[in-house]
Amino acid sequence: MRDYALFVPEYIACGVALLVIAIELFAPKFRKDVLAYLTALGALAWFGAGLAFLDRDPKSYQGLFLSDDFTSFFRLLAAGIVFIVALMSAEFLKRQKGVDHGEFYGLLLVAGSAMTIMAGATELLTAYLALEVLSFSLYILVGILKRDLRSNEASLKYILLGAFSSALFLYGLSLVYGTAGTTSYAGIAEAYARRDSGLDPAVAVGLMLILAGVGFKVSAAPFHMWAPDAYEGAPLPITAFLSTLSKAAGFALILRLFSSAFVTDAETWRWAFLALAALTMTVGNLIAIQQKNLKRLVAYSSIGQVGYMLITIAALGYGDAQVGLNATSGLLVHLIGYIVTTLALFSALTAAVNRTGSEEIVGLRGLAETQPFLALVITASLFSFAGLPFFAGFATKLFLFQGATTDETIWVIALAVLNSFISLYYYLMVIRQMYLFDPVGDASRFRVQPVVWGLAAVLLVGILFIGMYPGPAFEFSEQAARPLFDAASAARVQAP
Amino acid sequence: MTFDEGQGYVVLATIAVPLLVALILIFTPGTQKMAVRYLSAVTGAILAALSIYIFVAYQVDGEQAQMNLRWTWVENTAFLGENGIALRLAVDGISALLALLTGIVAFAGALASWKIEYRNKDFFILYWILLAGVYGTFFAYDLFFFFFFYELAVMPLYLLIGVWGSTRKEYGAAKLTLMLVGGSVLIWIGIFAVFHQANIGTFDLPSLWAAGQNGTISPTAQKVIFPLMAVGCGVLAALWPFHTWSPDGHMSAPTAVSMVHAGVLMKLGAFGIIRLGIQLLPEGAQFWMPALMVLGTVGAVYGATAALTQRDFKLISGYSSVSHMGYVLMGLATMNTIGITGAVLQMFSHGVMTALVFLMIGALYDQAHTRDMKEFGGLAKVMPLWVIFYAIAGLANVGLPGFSGFTAEFHIFVGTFRTYPVFGALAIFAAALAAAYMLRMFATVFFGPTNPHWKDLKDLTPLERLSGAMLIASIVIMGVWWAPFIDRVGHTVTLLPGVTG
């Protein structure tokens with residue numbers, strides 16, 4: 001039986017998306033910021049519907065999509081990100097000219113839904129289609145400032161490189177299909193397990209192409225070139241969206257794909273993920289040191305973060321199911337911490353940029369004097385990225401690294417810890433601007449929009465809560481990771 | 001609730017009170033400068049009282065870990081098993097003494113910061129967060145929280161020095177922060193390796209100590225991990241050649257931060273070597289201790305020599321701290337009871353003594369705005385009380401009998417002579433150098449011709465007298481009545497793994 005009820009939360013999200021676009025289309029005079037709040041409300045309903053799907057037995061839709069706690073985890077994450085980004089954008093977009101608000105908010109919801117499908121996909125083409133829906137939404141969102149040349153340029157670069165990576169990914173899928181004879185994850189695993197041992201060039205090439213494709217989506221070095229330009233050109237809230245949702249979605253896809261379909265061929269790909277992790281974190285953090293633009297700094301710093309997260313995928317290949325569960329729980333809890341921190345950083349940055357209009361690091365000069373609260377939120381976020389205690393990053397990074405520690409991966413863990421030390425340097429350079437220098441020009445206090453203020457405050461509390469009492473987030477992450485490594489649920493996928 | 005558990009809440013209070021005060025201060029308007037000062041002074045007094053209580057209430061004939069408190073944080077999730085992470089606090093003989101030190105220095109530092117005008121609210125927020133971190137590290141019986149509090153103590157330093165510091169403050173702040181966090185990185189790697197090797201799914205320190213002692217963490221692994229822990233903690237303890245942040249950082253830091261930093265924070269490093277080195281990795285400690293002895297001795301001699309050539313008061317004290325922390329490391333490296341006891345006593349002694357020195361330097365610098373020794377002369381006539389206080393600190397520094405420095409250094413020298421006589425001789429040579437740089441200072445600054453330029457300098461303020469008097473009292477009490485100190489430390493040191501009698 002086709003169980004359409006599995007997608008109820010996404011019906012809500014997409015329904016609201018259509019509604020928002022329709023309002024803009026048929027009532028152009030409608031107040032634009034109401035659209036933002038409508039979107040946020042829709043995201044909230046989506047989140048609520050998502051909660052109802054937690055703690056249920058895994059259910060498959062035709063062997064294409066599996067609704068389990070892992071999917072629900074990313075659904076809640078997507079709804080939360082859309083909620084916050086929509087609120088963040090309300091004030092920001094009003095100041096931009098020539099933006100279609102309806103499309104902007106509608107696409108946020110569509111991209112979020114695509115992320116859910118990516119997390120739940122148990123079949124290659126479903127995963128690919130969801131990935132493309134997400135990518136196309138992002139291409140448009142990055143270039144939504146039609147009259148801003150940088151935004152156009154960013155979008156164009158993103159589309160060209162994105163299309164190229166999609167092609168690699170698709171070619172990889174076709175090779176996998178050619179060798180396994182099926183596109184279902186469970187079927188591929190079974191086919192590969194039955195195959196004679198030994199390296200099969202077609203499989204190896206296929207896996208490497210898939211790896212390159214997903215590496216591009218999560219901006220892992222050397223496939224990261226698009227990220228700084230896209231981040232810089234995109235409107236600020238979309239930069240936040242890119243560095244949270246698009247990365248989380250990429251990892252959702254990688255996690256399910258590599259923990260089920262390709263797990264029997266771990267020897268073929270695990271070293272590549274390890275190398276990718278080492279390269280990505282080092283490149284990201286070293287290049288971040290030289291950045292002068294805030295968005296580019298965040299872009300490179302988030303590339304560094306991706307490097308840390310990729311160790312987990314390598315650990316999946318090096319360990320048994322228990323190691324996989326440990327590592328994945330660590331990765332999911334780190335994703336939560338990373339997303340909350342990034343959103344806090346961007347809500348504060350948006351408020352500061354709304355005021356100063358400058359996206360350079362020196363634009364923050366003297367912020368501790370003119371707006372101490374924003375300076376505090378930015379400092380807390382940066383310290384959280386660097387993994388200092390009190391803040392989310394300390395606990396989640398520790399869980400991430402500890403979970404991924406195996407005899408083979410420990411050298412990369414050591415490298416990752418060294419890298420988070422490097423990252424502290426460039427975070428301090430930002431903090432230095434805010435606290436150690438006097439503001440340029442007008443030194444009087446300025447007020448922050450109440451919505452953005454509240455958002456930043458709530459996210460700050462979130463950073464502190466996860467940092468000081470990581471238990472609930474970690475337990476939730478383990479619950480979400482469990483279905484991937486449950487033999488029982490794997491069996492259920494096979495029977496459509 | 002048992003009595004011991006009730007005392008556990010006293011231990012918790014030493015961490016919770018400063019954090020709570022920091023939280024209250026965040027919501028205090030920045031214009032209420034007097035309220036901020038009174039609140040901070042009261043907090044300092046409360047912390048001092050709690051610390052004295054903990055020190056006195058520690059039973060020298062009781063259990064090792066007293067005043068236990070355990071709140072489970074996360075357990076039975078992924079790689080965490082039973083009691084995976086717990087906020088577990090307890091006091092042993094070593095931490096009882098170091099907590100006492102923290103209380104006294106924290107109170108003295110809060111009083112010394114009374115003068116701060118520029119954003120004093122923000123200063124005290126960071127100051128109390130730092131102290132919460134220090135107390136937490138001393139009391140943590142869980143590796144996760146040990147590291148949590150250890151990092152928490154390092155984190156506020158960048159802003160404390162960068163915003164409120166003096167000479168080359170940005171450079172000093174950045175260098176200090178990066179070097180200290182660089183040390184933490186090594187500890188962090190060590191923690192991952194230890195947890196992975198022990199494979200018992202818990203960060204509980206006593207369980208991990210047991211794993212280290214019964215060989216669950218293999219001797220080979222211990223030998224690999226020990227240098228990470230020892231160097232990582234050693235950076236904070238100014239282990240030569242990783243000491244270079246100390247002179248620069250101290251030169252830039254504001255008075256109270258220098259006091260707390262040299263007085264207490266540097267001890268966290270040496271304490272870390274006991275907790276994460278000797279207790280956690282006894283095999284590794286046995287293997288590496290000779291190397292630590294060499295580095296400690298080099299530090300002791302090098303620090304004293306460098307202090308001899310400096311003209312800036314703070315640089316002299318910065319290098320003298322390197323030298324004294326060298327003694328501490330030598331004491332730990334002896335791996336015998338008397339040497340390690342001496343090392344812990346030296347941590348206390350150097351803590352109060354150096355806090356007094358920095359308090360005095362601050363009192364002078366705030367008026368004179370220079371710290372160049374050659375500029376001064378004959379201050380004994382202008383600021384008699386200041387000179388007396390400084391002289392007491394200086395004599396304790398040299399290790400004159402009757403002051404705390406004697407008790408501590410005597411133990412270290414005896415311990416060193418038992419195992420490494422050559423290094424013992426070098427240590428005594430360094431002590432002689434200490435006498436030289438202190439007497440040089442006495443001669444040029446305190447006595448000699450009076451420079452008329454400085455005839456208007458004012459003597460110590462009442463608050464400075466109060467905080468100085470507390471520190472002097474600690475120096476003298478430990479110098480003449482050392483039994484309670486040695487009993488407590490010895491109670492724990494004799495049971496450290498691999499330590500000879």
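A short reminder: the numbers here are calculations on the coordinates, not readings from a lab. Just so you know, these numbers come straight off a predicted model, no measurement behind them. Positions of Cβ are generated from backbone atoms using ideal geometry, with glycine treated the same way; all protein chains shown enter the neighbour counts.
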Requested in this report: Go ahead and estimate [θ] at 222 nm for the protein assembly as shown from helices alone: -39,500 (n - 2.57) per DSSP H run with n ≥ 4, summed, over the residue count, rounded to 500.
Outcome: -24500 deg cm²/dmol
Query raised in the report: Which pairs, out of A:292/B:175; A:94/A:292; A:59/A:157, put more than 32 Å between their alpha-carbon atoms?
Result: A:59/A:157
**Report entry** Test item: Cα-centred dipole of segment A:7-494, Lys/Arg +1 and Asp/Glu -1 on Cβ, debye
**Finding:** 1280
**Report entry** Karplus-derived HN-Hα couplings along segment B:447-458 (A = 6.51, B = -1.76, C = 1.60, θ = phi - 60°), whole Hz, x at Gly and Pro
**Finding:** 10, x, x, 6, 7, x, 4, 9, 6, 8, 5, 9
Query raised in the report: Quick one: putting +1 on the C-beta of Lys and Arg, -1 on the C-beta of Asp and Glu, what dipole do you get for the protein assembly as shown around its Cα centre, in Debye to the nearest 20?
Result: 2380
Query raised in the report: How much net charge surrounds residue A:49 when only other residues with a Cβ under 10 Å from its Cβ are counted (Lys, Arg +1; Asp, Glu -1)?
Result: 0
Requested in this report: Would you grab the residues whose amide H sits under 5 Å from the one on residue A:448? Only those 5+ places off in sequence or on another chain, please, with H modelled 1.01 Å from N.
Outcome: none
**Report entry** Amide hydrogen neighbours beyond the local backbone of residue B:200, cut-off 5 Å, H modeled
**Finding:** none
Report task. Can you tell me the relative contact order of chain B? Whole percent, Cα pairs under 8 Å, sequence separation 6 or more. Result -> 15
Query - 12 Å cut-off, amide nitrogen to a point 7 angstrom out along residue B:45 Cα→Cβ, residues in segment B:86-105 - result: none
Query raised in the report: So if R0 is 51 Å, what FRET efficiency would residue B:35 and residue A:195 give, r being the distance between their Cβ atoms, rounded to the nearest 0.05?
Result: 0.10
Report summary line: Residues other than residue B:252 with Cβ under 15 Å of its Cβ, Lys/Arg counted +1 and Asp/Glu -1, net out at +3
**Report entry** Against the rule of thumb 2.2 N^0.38 Å, how large the Cα Rg of segment B:279-334 comes out
**Finding:** 1.32
Report task. Counting other beta carbons within 10 Å of each Cβ, put B:482, B:245 in order, fewest first. Result -> B:482, B:245
Report task. Sticking to Cα atoms, compute the Rg of segment A:165-232 to one decimal and its Dmax as the biggest Cα-Cα distance, whole number, in Å. Result -> 14.3, 48
**Report entry** Order of A:452, B:328 under a 10 Å beta carbon neighbour criterion, fewest first
**Finding:** A:452, B:328
Report summary line: Heads up, segment A:406-457 by the C-alpha gyration tensor (a ≥ b ≥ c square roots of eigenvalues; a/c under 1.5 rounded, else a/b over b/c prolate, else oblate) looks oblate
Query raised in the report: Between rounded, prolate and oblate, where does segment A:85-184 land on the alpha carbon gyration tensor, with a ≥ b ≥ c its root eigenvalues, rounded for a/c under 1.5, else prolate if a/b exceeds b/c?
Result: oblate
Query raised in the report: Given 5 Å bins starting at zero, what is the percent of C-alpha pairs of segment A:204-337 in each, up to the one with the largest pair distance?
Result: 2, 11, 22, 24, 19, 12, 7, 3, 1
Report summary line: With R₀ set to 22 angstrom, the calculated FRET efficiency between the beta-carbons of residue B:56 and residue B:500, to the nearest 0.05, is 0.15
Query raised in the report: Can you give the Rg to Rh ratio of segment A:7-494, both from alpha-carbon atoms, with Rh computed by the Kirkwood formula?
Result: 0.96
Query raised in the report: Say each of residue A:461 and residue B:199 gets a label point 7 Å from the Cα, pointing the same way as Cα to Cβ; how far apart are those two points in nm?
Result: 4.4
Query - Size descriptor, Kirkwood hydrodynamic radius, that averages inverse alpha-carbon separations across segment B:243-379, Å - result: 15.5
Requested in this report: Would you mind ranking A:83, A:401, A:73 so that the residue whose beta carbon has the fewest other beta carbons within 10 Å leads the list?
Outcome: A:83, A:73, A:401
**Report entry** Residue mean of other protein chain beta carbons inside 10 Å, B:188-195
**Finding:** 6
Query raised in the report: Which whole number gives the average count of other chain Cβ atoms within 10 Å of the Cβ atoms across peptide A:100-110?
Result: 0
Report task. Hey, can you grab everything whose amide H is under 5 Å from the amide H of residue A:121? Only 5+ residues off in sequence or another chain; H modelled, so Pro and N-termini drop out. Result -> A:66
Query raised in the report: If you stretched the chain out fully between residue A:4 and residue A:442, how much longer would it get, using 0.36 nm times the residue separation minus the C-alpha to C-alpha distance?
Result: 151.9 nm
Query raised in the report: What are the radius of gyration and Dmax of segment B:110-224, computed over its Cα atoms and given in Å?
Result: 18.0, 55
Report task. Just order B:282-290, B:296-304, A:74-82 by mean Cβ neighbour count inside 10 Å, highest at the front, would you? Result -> A:74-82, B:296-304, B:282-290
Report task. With label points built 7 Å along Cα→Cβ from the Cα atoms of residue B:216 and residue A:29, find their separation and express it in nm. Result -> 7.4
Query raised in the report: Can you pull the Rg over Rh of segment B:3-493, Cα-only, Kirkwood?
Result: 0.96
Query raised in the report: Any number yet on Rg/Rh for the protein assembly as shown, C-alpha, Kirkwood?
Result: 1.01
Query raised in the report: Can you pull the mean other chain C-beta count within 10 Å for peptide B:111-123?
Result: 1
